[in-house]
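Below is one structure; the comments refer to it alone.
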Amino acid sequence: MKDIEKIIDEARELVSPTPEQEKEVGKIAEIIKSRTLEASKGIDEVHSIELGGSYEKGTWLKDHVEIDIFVKFSPKISRRKLEQLGIEIGKKTLSGHKWSLRYSEHPYVEGYLDTARVNVVACYDVAPDKWISAADRSPHHTKLIKEKFDSKLKIEARLLKKFLKVCGIYGAEIKTQGLSGYVCEVLILKYGSFMAVVEAAAKLSEGDTITINEATIRKDKFNTPLVITDPVDLNRNLGAAISSEKAATFILVSRRFTKSPSLSYFKETSKENQEDLIKTSALLKNLVTVIFNHKPRTLDVLWGQLKRSEKRLVKQLEKNGFTVWRSSAASDEDNSSGFIFLLESLEIPKIQVRKGPKADMSEDAETFLEKNHDQLELIWIGSDMRINSVKEKKIWKAEVLLNELLKGTIRDSGVAPRLKDDVKNDFNIYRGKEVLKTLRTNPWLIDKVLGVLTTHELSFGEDKPTQN
Ligand code: CTP
Ligand code: CA
């Protein structure tokens, strides 16, 4: 095993942008800023324009450059006005480039300039604790991190972000329910280095509270798997966005890394390698995948509908005799999504033994026989005096059941009402390895299929990662 410090040193090289990259991104940021200034000219409600997020904090990941720019508005204007002006300025800023409207707590404009993703976000220009919209804290986060972070801490934050990204737990959005970029920075601020964060995380337990302003926090105030207070607003729990599964993964990968450090924790597996891992999985034959098209909708709404539908479909499968080991929802976050189910078997026995009423309960027994006689293959009395019978199941293949459920021919199918009509008209079901054909055209499926199908090696296994 290589010396842990040596590995982290090598990783520092991996995550540090080159001076050329810094320059290039800096240039794009300046262009964005001047375009946003230009777009907001003459709008008196705009107080100022500020670059923010990981770009301004110097903690951006070099393979995922994103520039956030905040348009700070007078607190006197209404929410509607803020949204309307924010979108207007965002659109103007990115006119001539690819852009779309995204929704967080309120809408913002996302676009691409060269290789960088750009977010133009409206917020109120307010002092701490006078928050009006959720985005208002952001410029204060940026200010805090800029004040506290030297070049060394910036690299430590980048290390932590990359580590979490490779482990599949980076990002607080509902799709991931992991740790946000800002959480990484807060952790580095508290513990002082990447390694110190990982060592502390390895010892975390469910319900633990992490706070850098020790004094003020009441232990019972929040009830989430991990509690991480926001140093600019102690009433906000940054840990609220982290699911139990991702909190546990954070603890596990940290423990594993301290015991068995490796550079693999900082290197993402290529899509090709991921595909290979799927191809060679012994459990591929137990997989059934549904892919469908739908109208675009806001991300929180989409993921809410997908996750609810996934859970209900699992219930339906189980109700009909299938054993579901694992499941997942996946999406391109535009107009294609899917469900993935790993089953004990894609086909269950075609015939099924059922226990009827006791033979001496004459009325029940008669009704049972009247109702079922024609459909039963075999009837006998068991030692418990009950009428036993063997009946052929109408559906014994998972894909047939899913087809019925998704077509909407079975009432209460499980698909969320507002998604049902979209799904009904446009879905495909893939059994086992049939899914391989679709991975190229639907690369967004790869991560999730891999997640269901393989062991998370960074949590449980050897040094080599098998998924990100
Ligand atoms: N933010 C927040 N809570 C979240 C997500 C975002 O407070 N759950 C705020 C933070 O102030 C953050 C800013 O919104 O800095 C921008 O969000 P995001 O782009 O997700 O984070 P970055 O810090 O820019 O990190 P990166 O883009 O590198 O992931
Ligand atoms: Ca960002």
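What follows draws every value from the coordinates through simple rules; no lab data is involved. Just so we're clear, the structure is a prediction, and the values are computed from it rather than from any experiment. Please note: Cβ atoms are built from the backbone with ideal geometry, for glycine as well, and neighbour counts cover all protein chains shown.
What is the ratio of the Cα radius of gyration of the range 1-125 to 2.2 N^0.38 Å, with N the residue count, to two decimals?
Against the compact-globule rule of thumb, the ratio is 1.24.
Over 26 Å between Cα atoms: which of Lys33/Lys62; Lys285/Lys350; Lys175/Lys437; Lys279/Lys397; Lys175/Lys350 fall into that group?
Lys175/Lys350
Given the rule -39500 (n - 2.57) for each run of at least 4 DSSP H residues, summed and divided by the residues of the chain, what is its mean residue ellipticity at 222 nm, to the nearest 500 deg cm²/dmol?
Helix contribution divided over all residues of the chain: -12500 deg cm²/dmol.
For the range 92-170, which GluC sites (Glu not before Pro) are in a loop by DSSP, counting at most 14 other Cβ atoms within 10 Å?
Counting only loop positions with at most 14 other Cβ atoms within 10 Å, the GluC sites (Glu not before Pro) in the range 92-170 are Glu105.
What is the helix-to-structure angle for 398-407, meaning the angle in degrees between its Cα long axis and the longest Cα principal axis of the chain, kept from 0 to 90 and rounded to the nearest 10?
Once rounded, one gets 70 degrees.
How far is the Cα center of the range 237-289 from the Cα center of the range 125-200, in Å?
So the two Cα centres are separated by 21 Å.
Take peptides 428-437, 65-74 and line them up by average Cβ neighbours within 10 Å, highest first, as a rough protection proxy.
Highest to lowest by the protection proxy: 65-74, 428-437.
Among the aspartates and glutamates, which fall within straight-line cross-link reach of Lys355, defined as a Cα-Cα distance under 12 Å, with same-chain neighbours fewer than 8 residues apart omitted?
Asp384
With an 8 Å cut-off on Cα pairs and a minimum separation of 6 or more residues, tell me the relative contact order of the chain in percent.
RCO, the chain: 13 percent.
Calculate, in nm to one decimal, what Glu22 and Glu363 gain on full extension: separation in residues at 0.36 nm each, minus their alpha carbon distance.
Contour length minus the Cα-Cα distance gives 114.5 nm.
Sorted by packing (mean other beta-carbon atoms within 10 Å per residue), highest first, where do 438-448, 168-178, 345-355 land?
Peptide ranking by packing, descending: 168-178, 438-448, 345-355.
Per residue of the range 332-342, in order, report the coupling 6.51 cos²θ - 1.76 cosθ + 1.60 (Karplus, θ = phi - 60°) as ³J(HN,Hα) in whole Hz, putting x for Gly and Pro.
Per residue, the Karplus-derived 3J(HN,Hα) values read 8, 6, 10, 10, 10, 8, x, 10, 10, 10, 9 Hz.
Can you give me the long-range amide H partners of Ile228? Hydrogens built in the peptide plane at 1.01 Å from N, cutoff under 5 Å, separation of 5 or more residues or another chain.
When sequence neighbours closer than 5 places are left aside, the close amide H contacts are Ile210, Leu238, Gly239, Ala240.
How many nm is it between the label spots at Leu234 and Asn273, if each spot is 7 Å from the Cα in line with the beta carbon?
The answer from the label model is 4.5 nm.
Straight-line reach from Lys76: which lysines have a Cα under 19 Å away, not including same-chain ones fewer than 8 places off?
Once the sequence-local lysines are set aside, what remains near Lys76 is Lys41, Lys130.
Answer rounded, prolate or oblate for the range 138-244, using the Cα gyration tensor with square roots of eigenvalues a ≥ b ≥ c: rounded when a/c is under 1.5, else prolate when a/b is larger than b/c, else oblate.
Note, shape of the range 138-244 comes out rounded.
Extension gain Ala282-Glu5, at 0.36 nm per residue separation less the Cα-Cα distance, in nm?
Computed gain between Ala282 and Glu5 is 96.0 nm.
Indicate the gyration tensor shape class of the range 263-329 (rounded, prolate or oblate), computed on the Cα atoms with a ≥ b ≥ c the square roots of the eigenvalues: a/c under 1.5 is rounded; otherwise a/b larger than b/c is prolate and the rest oblate.
oblate
In whole Å, what are the extents of the chain along the principal axes defined by its C-alpha atoms, from largest to smallest?
83, 57, 48
Please give every one of the aspartates and glutamates within straight-line cross-link reach of Lys259, meaning a C-alpha to C-alpha distance under 14 Å, and leave out same-chain neighbours fewer than 8 residues apart.
Cross-link targets: Asp3, Glu5, Glu199, Glu457, Glu462, Asp463.
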